[in-house]
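Notes to accompany the following structure.
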Amino acid sequence: MKSLKGAGVAIVTPFLPSGQVDFSALESLTEFWISEGLDYLVVNGTTAENPVLSSNEKKEILASVLNVSQGRVPIVFGIGGNHTRALQEDLINSDLSGVTAILSVTPFYNKPNQQGLYSHFAALAELSPLPIILYNVPGRTGVNMSAETTLKLAKDFSVFCGIKEASGSMHQITRILYERPRDSFLVISGDDAITFPLLASGADGVISVVANAFPNRFSSMVHAAMAGEMAEAQEHHKALYSIMNAIFDEGSPAGIKEVMEHLNLCSKTVRPPLTPVSDSLANLLKRMASTLV
């Protein structure tokens, strides 16, 4: 899983103003992300608005990204949810040709306890044809997977190749990093704003949101930090820090899509129940973005 170290991006799904998937923009963006230095792409993650994509759209989006990428970077595909048996069927029945790994989020809404989380992922481990990156994001799912549960899953099942940790807890993430049972179990930041300090602690990279709009600047920060060039990495981090936080002020991916429209990368259109950001935040994001290009 060395190929999944470094700067990954949780890609947006570009929509036409009508609300349909903008496959032309997706093709252009895929080439943009790769050519600007990102190490891998994550399709059908949170930033993709996957709850409002149909099964056919998810397949078509994955096929489009694979067609443009042509094996130049690894592709991670999101298969997660709160229905364990249905996810097992998805793992068995999905065409995952060309995909390097699965990203699977902790079950949401059900709010399982730690044993429930362990049992859920153990059930997926039994059937997954590909390595799985665990995804802990309690701010969205309503439940935090503890360091103990993550470490037990990593120890008990070799299919788990890492975790995208978006708990926001430096203590929890650092404990996973320092107590992981094997170096091949990757600890990946799920929060752009704390990626720099996590990399300084030895984390293996990030799955980013802001890299949708600034792939070169963000990947330069990650690569510098991983090479031990901390002064350079800190300069990039400082430049990006304000916008990394501001894009989440009124929800994601509305914030990053506002920036991307300003940069002529794609439309800011999001699907209901999401809405575009307010005019005041849009103006702030545009001013911030203008200082980075």
I need the full set of residues from segment 61-70 which are under 19 Å from the mean Cα position of the chain (by Cα) and surrounded by fewer than 17 Cβ atoms within 10 Å (Cβ to Cβ), in order please. ALA63
In segment 79-109, the residues that are outside any loop (DSSP other than H, G, I, E, B) and under 14 Å from the mean Cα position of the chain (by Cα): ALA101, ILE102, LEU103, SER104, VAL105
When the residues of segment 250-280 are filtered to those that are touching a helix residue (DSSP H, G or I) at 6+ places or on another chain (Cβ under 7 Å) and closer than 19 Å to ILE207 by Cα, which remaining residue is surrounded by the fewest Cβ atoms within 10 Å (Cβ to Cβ)? SER252
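Those residues that are among the small types (Gly, Ala, Ser), part of a loop (DSSP other than H, G, I, E, B) and surrounded by fewer than 24 Cβ atoms within 10 Å (Cβ to Cβ), I need them from segment 175-194; list them, please.
At the first step, the residues of segment 175-194 found to be among the small types (Gly, Ala, Ser) are 184, 189-190, 193.
After this cut, where a residue has to be part of a loop (DSSP other than H, G, I, E, B) as well, the list is 184, 190.
If the condition is that a residue be among the small types (Gly, Ala, Ser), part of a loop (DSSP other than H, G, I, E, B) and surrounded by fewer than 24 Cβ atoms within 10 Å (Cβ to Cβ), then SER184 is the only one that fits.
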Every residue in segment 133-144 that is outside any helix (DSSP H, G or I) and farther than 21 Å from GLY202 by Cα, please. GLY142, VAL143, ASN144
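Filter segment 212-222 down to residues that are over 11 Å from ILE247 (Cβ atoms) and of a type in the set (Gly, Ala, Ser) and give me whichever is surrounded by the fewest Cβ atoms within 10 Å (Cβ to Cβ). Walk me through it before giving the result.
So in segment 212-222, the residues over 11 Å from ILE247 (Cβ atoms) come out as 215-222.
Filter once more, keeping what is of a type in the set (Gly, Ala, Ser): 219-220.
On the way: SER219: 24, SER220: 19.
So the residue we want is SER220.
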Only one of VAL293, VAL270, VAL259, VAL277 that is at pLDDT 95 or above, outside any helix (DSSP H, G or I) and farther than 16 Å from VAL21 by Cα: VAL277
Note on segment 48-59: residues under 19 Å from the mean Cα position of the chain (by Cα) and either outside any helix (DSSP H, G or I) or over 21 Å from VAL209 (Cβ atoms) (or both) are GLU49, LEU53, LYS59
Going through segment 150-171 in order, the residues found to be surrounded by fewer than 18 Cβ atoms within 10 Å (Cβ to Cβ) and assigned to a helix (DSSP H, G or I) are LEU151, LYS152, LYS155, ASP156, MET170, HIS171
Which count do you get for residues in segment 258-290 that are touching a residue at least 40 places away in the same chain (Cβ under 8 Å) and within 17 Å of ARG217 (Cα to Cα)? 7
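Whether any residue in segment 233-244 is in a loop (DSSP other than H, G, I, E, B) and touching a residue at least 12 places away in the same chain (Cβ under 8 Å) is what I want to check. Please lay out each step first, then the result.
Filtering segment 233-244 down to residues in a loop (DSSP other than H, G, I, E, B) leaves none.
No, the conditions are met nowhere in segment 233-244.
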Scanning segment 1-17 for residues that are within 19 Å of LEU96 (Cα to Cα) and out of contact with any helix residue (DSSP H, G or I) (no Cβ under 9 Å at 6 or more places or on another chain) gives MET1, SER3, LEU4
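Against the condition closer than 27 Å to GLU229 by Cα and either in a helix (DSSP H, G or I) or of a type in the set (Phe, Trp, Tyr) (or both), how does LEU117 come out, does it pass? Walk me through how you get there before you give the answer.
Details: closer than 27 Å to GLU229 by Cα: no; either in a helix (DSSP H, G or I) or of a type in the set (Phe, Trp, Tyr) (or both): yes.
The answer is no for LEU117.
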Would you pick out the residues in segment 18-47 that are under 17 Å from GLY98 (Cβ atoms), of a type in the set (Val, Ile, Thr) and under 12 Å from the mean Cα position of the chain (by Cα)? VAL42, VAL43
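Condition check: aliphatic (A, V, I, L, M) and either surrounded by fewer than 20 Cβ atoms within 10 Å (Cβ to Cβ) or over 16 Å from ILE133 (Cα atoms) (or both). Does ALA122 satisfy that? Full working, then the answer.
Working: aliphatic (A, V, I, L, M): yes; either surrounded by fewer than 20 Cβ atoms within 10 Å (Cβ to Cβ) or over 16 Å from ILE133 (Cα atoms) (or both): yes.
It is true that ALA122 is aliphatic (A, V, I, L, M) and either surrounded by fewer than 20 Cβ atoms within 10 Å (Cβ to Cβ) or over 16 Å from ILE133 (Cα atoms) (or both).
The values are calculated or read from the model by the stated rules, or taken from the named source; none is laboratory data. Bear in mind that the values here come from a model prediction, so they are computed numbers and not experimental data. Positions of Cβ are backbone-derived with ideal geometry, glycine not excepted, and every protein chain shown enters the neighbour counts.
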